[in-house]
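Peer 1: Sharing a structure here in structure tokens format.
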Amino acid sequence: MQTVALGWLALVLSDSPLQVGLVTTFGALPVLLFTLYGGMIADRINRRRALLFLQSLLLLDALALGLLTGFHLITMPLLYLLAAVGGVVSAFEIPTRQSWQVELVGKPDLMNAIALNSMAFNLSRVVGPAIAGTLIATLGTAVCFFLNAASFLAVLVGLFLIRPDPALAGQTAGRRVGLREGIAHVFGTPWPKALVILTAIFSVFGASFVAILPVYARDVLRSGPGGYGALMSAFGVGAAAGALSVAGVGHRFRRGPTALGAGLGLGACLAVLGLVHQFALAIALLIGCGLGMALNAIMTNTLLQTEAPDHLRGQVMGFYSFIVVGMAPFGSLQAGWVAEHAGAPAAVLIGGVLCLGAAALTWVWMERTK
């Protein structure tokens, strides 16, 4: 809900595709700067306690957005500032949370845990945007921020009640390793290296379409906040379906090739999306985009975590977060710039073609290295 509200609020305040993209940029830039350090810290601390503190900070950030918007004090600079504050917190929260999963379930069930976590997240993408579109049209964007702030109370209670099995907890607290060790591990083996490079390309040219989706909804499909919410929900439906399929039958598929196949599907759907102007077709294609992105991300995440040594898992997840979230500022900037000068369809089409080409080249490369 907050993602939809941020995008729509930025568009209302600025009426500029570029500035809409900049909101995502300011939110993701701190991840680019600090997430590698955040991953290193995650390998040295009690992750549960750290998450309680970091989630509390995210609650306060959402509450500040709601108050400033509700009292009509919000401006684009303040929107950028609060997006950046959330990004700084996320730079430490993301690698801590992701590397903590193996302590909850153990390596044998890690892929299922990642898939179920992704399904829960993406189901919220189905419900949240639909509710957000209705609330923005009737009660305003501030309500979305307030509800998001309130939701963190449930998160904090859940974290407080969780008691991980000591037998599954990594014995890595206090062990000090350099920043380079995690990166060296990732680039020292073929599949992690290939998938991380592909993920970087997807982050810049694939996921960036989300930043300009408000512009695409309004200018191409001629729809308001309700239509924008429906488009986000369609993306969430596809992603949730992908996560559910991995949770159910993902163990039957090889992770690397499945990730590449999903990347090909993502690129193809994005390229076609840049060519259509019909709302129903856009909905179908966004379901395909969500499916491809979820399958690629879950398989890549699982492969990286299962192959990482316990004392480097936080660093590896920090580096992965650096790629997924930290590279997003460049994607948002390029997508916003192209949309500003050539239109939103051109931005989506170019991104899709580049993602499709990168996945195809990676597939050929991995076939030759067998």
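Peer 1: Just one of the numbered conditions (1) surrounded by 24 or more Cβ atoms within 10 Å (Cβ to Cβ); (2) at pLDDT 85 or above; (3) out of contact with any Leu (no Cβ under 8 Å at 6 or more places or on another chain) is not true of Asp219; which one?
Peer 2: (1)
Peer 1: While we're on this one: If you check Gly336, Gly352, Gly331, Gly288, which single one turns out to be under 23 Å from Ala243 (Cα atoms) and crowded, with 24+ Cβ neighbours inside 10 Å?
Peer 2: Of Gly336, Gly352, Gly331, Gly288, the one residue that is under 23 Å from Ala243 (Cα atoms) and crowded, with 24+ Cβ neighbours inside 10 Å is Gly352.
Table: residues versus (1) surrounded by 19 or more Cβ atoms within 10 Å (Cβ to Cβ); (2) at pLDDT below 90; (3) among the charged types (D, E, K, R).
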| position | (1), (2), (3) |
| --- | --- |
| Ala64 | no, no, no |
| Thr69 | yes, no, no |
| Ile74 | yes, no, no |
| Leu79 | yes, no, no |
| Val89 | yes, no, no |
| Glu93 | yes, no, yes |
| Thr96 | yes, no, no |
| Ser99 | yes, yes, no |
| Leu104 | no, yes, no |
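Peer 1: With the structure loaded, tell me whether Asp15 is more than 24 Å from Phe160 (Cβ to Cβ), surrounded by fewer than 20 Cβ atoms within 10 Å (Cβ to Cβ) and not hydroxyl-bearing (Ser, Thr, Tyr) or whether it fails that test. Give the steps one after another, and end with the answer.
Peer 2: Values: more than 24 Å from Phe160 (Cβ to Cβ): yes; surrounded by fewer than 20 Cβ atoms within 10 Å (Cβ to Cβ): yes; not hydroxyl-bearing (Ser, Thr, Tyr): yes.
Here the answer is yes, as Asp15 does meet what is asked.
Peer 1: Any chance the stretch 244-256 includes a residue that's more than 20 Å from Ile323 (Cα to Cα), at pLDDT below 85 and assigned to a loop (DSSP other than H, G, I, E, B)? So that I can check it myself, show each step before the final result.
Peer 2: If we filter the stretch 244-256 for residues that are more than 20 Å from Ile323 (Cα to Cα), which is where we start, we get 244-254.
Then drop every residue that is not at pLDDT below 85, which leaves 244-254.
Pick out the ones that are also assigned to a loop (DSSP other than H, G, I, E, B) and you get 253-254.
Within the stretch 244-256, one or more residues are more than 20 Å from Ile323 (Cα to Cα), at pLDDT below 85 and assigned to a loop (DSSP other than H, G, I, E, B).
Peer 1: Spot the failing condition for Val249; the list is (1) among the hydrophobic types (A, V, I, L, M, F, W, C); (2) surrounded by fewer than 23 Cβ atoms within 10 Å (Cβ to Cβ); (3) touching a residue at least 60 places away in the same chain (Cβ under 8 Å), and only one is missed.
Peer 2: (3)
The values are calculated or read from the model by the stated rules, or taken from the named source; none is laboratory data. Because the structure is a prediction, the values reported are computed rather than measured. Glycine also receives a Cβ, built like all others from the backbone with ideal geometry; neighbour counts cover every protein chain displayed.
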